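Take a look at the structure set out below.
The values are calculated or read from the model by the stated rules, or taken from the named source; none is laboratory data. Treat the numbers as computed from the prediction; the structure is a model and nothing was measured. Here the Cβ positions follow ideal geometry from the backbone for every residue, glycine too, while neighbour counts run over all protein chains shown.
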Amino acid sequence: MIKVAPSILSADYINLQKDIELVQNAGAEYLHIDVMDGMFVPAISYGAGWVKAIKPVTNMVLDVHLMVEQPERYVNDFVEAGADIVGVHVEATPHIHRALQMIKDKDAKAEVVINPGTPVSAIEPVLYMVDQVLVMTVNPGFGGQKFLPETIKKIAELDDLKKKMGYDFDIEIDGGVNDQTVVDAYKAGATVAVAGSYVFNDADPAQKVQLLKDVTK
């Protein structure tokens, strides 16, 4: 059964605590927080203050996805604000090892992220040190996009490497996730699914969280 990480990018900001409690009570394990700087991706979202505000109102793992240039500049702020996992894009820094080491040095879980156009080989040198790999299944920056089926091959490749090398990282998917696309991704080796508009744009978000779990039993 896949772990579910609802993305607050699609939640109701005015009633955010209510939405957070709704998905937590539905059994979601993670809460996905997309941080965007208007440079690495076109959109701008929120900073470490949001994580600090959210931390006391939930028991879910706070899964922070830094879609920012030079993520090393922000790692400490987000971990200190309460992030449990911090994800950094290999495309966003020439110092990916340093960025991941900074996260681990702060006793948070380190995640490396790859865009749809980036091969798995680009992150092979750091797979030994990560707790999670995020495979973007759409181009990052906007919610509501369609799942890119060609990314399934990358999930399977990561799963094969994981088994071959004895690694223990989770494989997370993000983008276009619904009760249909999650099935093939789960079969290929995905262990965590980020879902934003699929969950929060529905009249019954809790039912959508449960459905993602039911179809991956």
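Could you tell me how many of the residues in region 11-27 are farther than 12 Å from GLY196 by Cα, part of a loop (DSSP other than H, G, I, E, B) and of a type in the set (A, V, I, L, M, F, W, C)?
1
Out of VAL215, VAL199, VAL183, VAL194, I need the residue that is more than 23 Å from ILE33 (Cβ to Cβ), in contact with a Ser or Thr (Cβ under 8 Å, 6 or more places away or on another chain) and aliphatic (A, V, I, L, M). Which one?
Testing whether each residue is more than 23 Å from ILE33 (Cβ to Cβ), in contact with a Ser or Thr (Cβ under 8 Å, 6 or more places away or on another chain) and aliphatic (A, V, I, L, M) leaves just VAL183.
On the basis of being surrounded by fewer than 20 Cβ atoms within 10 Å (Cβ to Cβ), touching a Lys or Arg at 6+ places or on another chain (Cβ under 8 Å) and either part of a helix (DSSP H, G or I) or modelled with pLDDT of 95 or more (or both), does GLU80 make the cut?
Yes, satisfied.
Looking only at region 9-44, count how many residues are more than 30 Å from ASP214 (Cβ to Cβ) and among the small types (Gly, Ala, Ser).
2
Would you check if there is a residue in region 92-102 being of a type outside the set (Phe, Trp, Tyr) and more than 18 Å from GLU69 (Cβ to Cβ)?
Scanning region 92-102, I find at least one residue that is of a type outside the set (Phe, Trp, Tyr) and more than 18 Å from GLU69 (Cβ to Cβ), so the answer is yes.
Among the residues of region 103-154, write down those that are touching a residue at least 40 places away in the same chain (Cβ under 8 Å), part of a helix (DSSP H, G or I) and crowded, with 22+ Cβ neighbours inside 10 Å.
LYS154
Within region 197-205, can one find any residue that is crowded, with 20+ Cβ neighbours inside 10 Å and more than 16 Å from GLU21 (Cα to Cα)?
Yes, some residue in region 197-205 is crowded, with 20+ Cβ neighbours inside 10 Å and more than 16 Å from GLU21 (Cα to Cα).
Taking the conditions exactly as written (outside any strand (DSSP E or B), closer than 26 Å to ASP105 by Cβ and modelled with pLDDT of 95 or more), does ASN59 satisfy them or not?
yes
Of all the residues that make up region 168-217, how many are under 28 Å from TYR128 (Cβ atoms) and either touching a strand residue (DSSP E or B) at 6+ places or on another chain (Cβ under 6 Å) or not β-branched (Val, Ile, Thr) (or both)?
21
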